[in-house]
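The values are calculated or read from the model by the stated rules, or taken from the named source; none is laboratory data. Keep in mind that what you see is a predicted model, and the values were worked out from it rather than measured. So basically every Cβ, Gly included, is an ideal-geometry build from the backbone, and we count neighbours across all protein chains shown. To get the accessible areas, we keep the full protein, side chains included, count just its heavy atoms, and leave off ligands, DNA and RNA. Shrake-Rupley method; radii C 1.70, N 1.55, O 1.52, S 1.80 Å.
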Amino acid sequence: MASTSRLDALPRVTCPNHPDAVLVEDYRAGDMICPECGLVVGDRVIDVGSEWRTFSNDKATKDPSRVGDSQNPLLSDGDLFTMIGKGTGAASFDEFGNSKYQNRRTMSSSDRAMMNAFKEITTMADRINLPRNIVDRTNNLFKQVYEQKSLKGRANDAIASACLYIACRQEGVPRTFKEICAVSRISKKEIGRCFKLILKALETSVDLITTGDFMSRFCSNLCLPKQVQMAATHIARKAVELDLVPGRSPISVAAAAIYMASQASAEKRTQKEIGDIAGVADVTIRQSYRLIYPRAPDLFPTDFKFDTPVDKLPQL
């Protein structure tokens, strides 16, 4: 039924009528089917995926997969070990009632500490919708710091939070300290201390954050249209170029630029709404706004469509 050709000395199953067709694998039936003519070219294909069948003594477990977790290259033994389940029958216990089969301590204390930190990192990343590549970079940073023992005495949760902050900045998707603080149990001051110590210990650096790093995310969370976002980006960039906001953090400048752009458009947002999204206080937004307000006519893009004229903007 099937003809076998050799490609680089390896056997390959093909359809006799359509040798170049890419066969479709039906894992449920265990068949390999030709998409051109529907011929079943091969049967009894072995499914190499997870076994999702639940047996009687496994009903209490949440995950029905019986093949264990994937290999973790960051751990010393690759996280490859076997756990013996709790016995239920009489044959599982000796005459004194002790279990005959017991799990030996196969994971070292350092691996256990790293595993707990990796779980905490994954949980924090999930809460603020960070992609997998951020998690992987954070795990690598934490492993380097942990093995160097350069931050001995610091809580692993604080180190993990600081590593997540660094990974976000290195991957070009920076988050504020307050955003990291909101998903961790560590104070902003402690994360800041660990951040400086990690940069020094690993002899690494991070790019300086700019107003543009936060603008699209803040405007998106505020449901502002693209025109307002582009205007706010232009306002913030011009304010920095004209040196109107010396010493101000990029986050506060971005928040003030969003407030000015929204007040000039039909989609107005209050200082409190912007402050809640940006993680800055209302008074901080007002202080930055007052610095850029006198030059407002020079900050807006030339093609911006005003709903409120520049001279009618709030003076605060």
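For this structure, a couple of remarks:
- From the list L224, L208, the one residue that fits, being in contact with an Asp or Glu (Cβ under 6 Å, 6 or more places away or on another chain), without any contact (Cβ under 8 Å) to a residue 60 or more places away in the chain and under 22 Å from I128 (Cβ atoms), is L224.
- V173 under 17 Å from the mean Cα position of the chain (by Cα) and modelled with pLDDT under 90: yes
- Pairs are defined by a Cβ separation below 9 Å, a sequence spacing of at least 6 or placement on different chains, a first member in region 22-37 that is under 16 Å from R12 (Cβ atoms) and loosely packed, with under 12 Cβ neighbours inside 10 Å, and a second member that is modelled with pLDDT under 80 and of a type in the set (K, R); no pair meets this definition.
- Candidate set from region 239-262 (those that are open to solvent by 20 Å² or more (accessible area, probe 1.4 Å) and either assigned to a loop (DSSP other than H, G, I, E, B) or touching a Lys or Arg at 6+ places or on another chain (Cβ under 8 Å) (or both)); member that is modelled with the lowest pLDDT: G247
- Residue count for region 134-166, restricted to those that are in contact with a Cys (Cβ under 9 Å, 6 or more places away or on another chain) and part of a loop (DSSP other than H, G, I, E, B): 3
- Region 263-282, subset of a type in the set (V, I, T) and in contact (Cβ under 8 Å) with a residue 24 or more places away in the chain, residue least open to solvent (accessible area, probe 1.4 Å): I274
- Subset of region 283-308 [surrounded by 13 or more Cβ atoms within 10 Å (Cβ to Cβ) and within 10 Å of A256 (Cα to Cα)]: T284, I285, R286, Q287, S288, Y289, L291, I292, Y293
- If the condition is being at pLDDT 90 or above and basic (K, R), then region 133-153 contributes R137, K143.
- Screening region 263-291 for residues that are assigned to a helix (DSSP H, G or I) and of a type in the set (G, A, S) and picking the one that is farthest from I128 (Cα to Cα) gives A264.
- Pairs with Cβ under 8 Å, 6+ apart, first in region 288-311 and within 11 Å of V245 (Cβ to Cβ), second open to solvent by 70 Å² or more (accessible area, probe 1.4 Å): S288/R248; Y289/L316; R290/L316; L291/R248
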